[in-house]
Each structure stands twice: as structure tokens, then as C-alpha cells.
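The values are calculated or read from the model by the stated rules, or taken from the named source; none is laboratory data. On a predicted model such as this, the values are computed, not experimentally measured, just so you know. Methodologically, a virtual Cβ is constructed for each residue, glycine included, from the backbone with ideal geometry; neighbour enumeration extends over all protein chains shown. Just the protein is used for accessible areas: all its heavy atoms, side chains included, with ligands, DNA and RNA removed. Shrake-Rupley method; radii C 1.70, N 1.55, O 1.52, S 1.80 Å.
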Amino acid sequence: MTRKYHIVGNWKMNHLSQDIFSFFAEFNKHADKITCHAGIAAQGLHLPLIKEHAPKGGFFEFGAQNSANNNSGAFTGETSPEAIKDLGCGFTLVGHSERRAIYGEQDALLNEKTLLALEKELYVIFCVGETLEDREANRTEDVVRVQLDEGLKNIPADKKSKIIVAYEPVWAIGTGVTASPQQAQDAHAFIRKHCSEKLGFNGEELIIQYGGSVKPSNVDELLACPDIDGALVGGASLKPADFLALCVAASK
Ligand code: PGA
């Protein structure tokens, strides 16, 4: 089965409005070269700007980096999945390792966020991945298994197709060290098998993105792996030329 790759940029807490204008002024000039799915996850404040300036061709989606476990009410500082959807976002990230490590978000909360975002018809890019310590202690599969089992609990059967899993080894995020294609492929194959055999996903259709120091120089070998369906990209998504190169590589 041939599937389109999914390349999503995670801008994290970067860029000012002028950077966004110039990013899309450059990126959009070459948008006709892109046939994969592409998207950007940005700070909430920037989403309306992206909506205004991003390519309108239908291949491009914008989304949030985090989404609350409540839809409305007295939750100062949170962003509601309902508001994310209302703005026209297609997706939200849930469980990025920076949310887990810096903000202490745990599996049960991430599960609530996932369920509520799905209820609002958002796609959820659910991030999992092990630390270096876990990998060195041979615990990669155990850690990822628990993240999947707990975070993707109780998902209604008709919503499972709205989950994208992003495998992001923590030791590869923002470090310049990428998992080797074999390390990434092994983890992706495990995730696909576990999600289909134990969690009731359609393994053939599940999109699994790799994240962790993806750049134009290593994207081809990663995408060539049979179980890698795209990439979640931090640093290299900030520059239009690099992000474009990744999208073009995924459009071949
Ligand atoms: P990186 O970030 O590409 O800068 O390693 C990936 C991510 O955090 O999603």
C-alpha cells in the first residue's frame, strides 16, 4: 500500500510574528512541489497568523502543541481543544517529551487530553519515546509500551484512525544525534505491532512519525524504513528552506 508521508514541524516556543510572515513568504513560493501531508504545530498565539499565511492547497494543516483536558471554564493559562478546533486547526500534539519532562504531564492526564481532543474531531499526534538511560538499560520497549497503553486507553473504535503516533527518543530531540534508521525502524515496528495486536488499531493504516534531529541530510534514510511514515521535526522546521527540503523529500 502506498501512503503519503506526514511531515509536521514543531516550532515549540520559537518565532515572532515577522518570522512567520517571512517563513511563509518563502515556503509558499515552492508549495507546488509538495505532495505529502505537511503541517506546523505552533504556539497558540501564532495559530491565527499561520491560518492566514500558510498555503491553502489542502495538503497543509496547522495545529496546537498542547491541548487541555477540559473544554472551557476556570483553567487559567490552558488552551481548550474546542477553541483549537474552532480556529480551524486539524490536530494537536499530546505528550511531547518536553511536556512530560518539564511540566510533569503524566500518562493519565495525557489520556484525558487525547480523549477530549478526539471528541472535538482533532487528530492527535501522540508522542512517545525513551530516555538515554532507558535505552542503555534495554528498557525502550517497556517504556514505550506503558506510554501507549496508558495514554491511548479507552479510545473509541471510530476515533482510532485519528491517532498518529510520534516515536521521539528523548536522547535524539534537539541534540543533533539521530536514531539510526535501524534503531528507529525497530521501535516503529514494535509500536505498530503493539498498537494493532494489543490496542485494537489498524496496524496497516496507523501513521507513525519519527522525531529527533530529523534534517535534510538524514530524512531520506529514515523515510526509507518500512515502518516510518513521516517525521515530527523541531529545529529543522524553523527555516523555510530546510522544512521545504524535508517536505520535498517526502513527496518523492
Ligand atoms: P528536533 O525536535 O527535530 O529539534 O530534534 C523534535 C521534536 O521535539 O519534536
- prompt: When you scan region 220-252, how many residues do you find that are open to solvent by 20 Å² or more (accessible area, probe 1.4 Å), out of contact with any Phe, Trp or Tyr (no Cβ under 7 Å at 6 or more places or on another chain) and not in a loop (DSSP other than H, G, I, E, B)?
  reply: 7
- request: Take region 74-102 and flag every residue that is hydroxyl-bearing (S, T, Y) and either within 14 Å of the ligand (Cβ to nearest atom) or touching a Lys or Arg at 6+ places or on another chain (Cβ under 9 Å) (or both).
  value: S80, T92, S97
message: I'd like to check something: does region 234-252 contain any residue that is under 30 Å from Q18 (Cα atoms), away from the ligand (no atom under 15 Å from the Cβ), touching a residue at least 60 places away in the same chain (Cβ under 8 Å) and not aliphatic (A, V, I, L, M)?
response: yes
- request: For S217, indicate whether it is surrounded by fewer than 21 Cβ atoms within 10 Å (Cβ to Cβ), over 15 Å from the mean Cα position of the chain (by Cα) and either among the charged types (D, E, K, R) or part of a helix (DSSP H, G or I) (or both).
  value: no
- line: Counting only residues in region 91-134 that are at positive phi and free of Cβ contacts under 8 Å to residues at least 60 places away in the same chain, the one least open to solvent (accessible area, probe 1.4 Å) is identified as G95
- line: Looking across region 59-88 at residues that are among the polar types (S, T, N, Q) and farther than 16 Å from L49 by Cβ, the single one that is nearest to the chain's Cα centre (by Cα) is N66
query: Across region 36-70, which residue is nearest to I7 (Cα to Cα) among those that are modelled with pLDDT under 95 and not small (G, A, S)?
result: F59
- line: Within region 171-200, the residues that are at pLDDT 95 or above, open to solvent by 50 Å² or more (accessible area, probe 1.4 Å) and within 15 Å of the ligand (Cβ to nearest atom) are Q183
message: Being within 16 Å of the ligand (Cβ to nearest atom) and either exposed (fewer than 14 other Cβ atoms within 10 Å of the Cβ) or within 24 Å of N111 (Cα to Cα) (or both) narrows it down to one residue among G212, G203; which is it?
response: G212
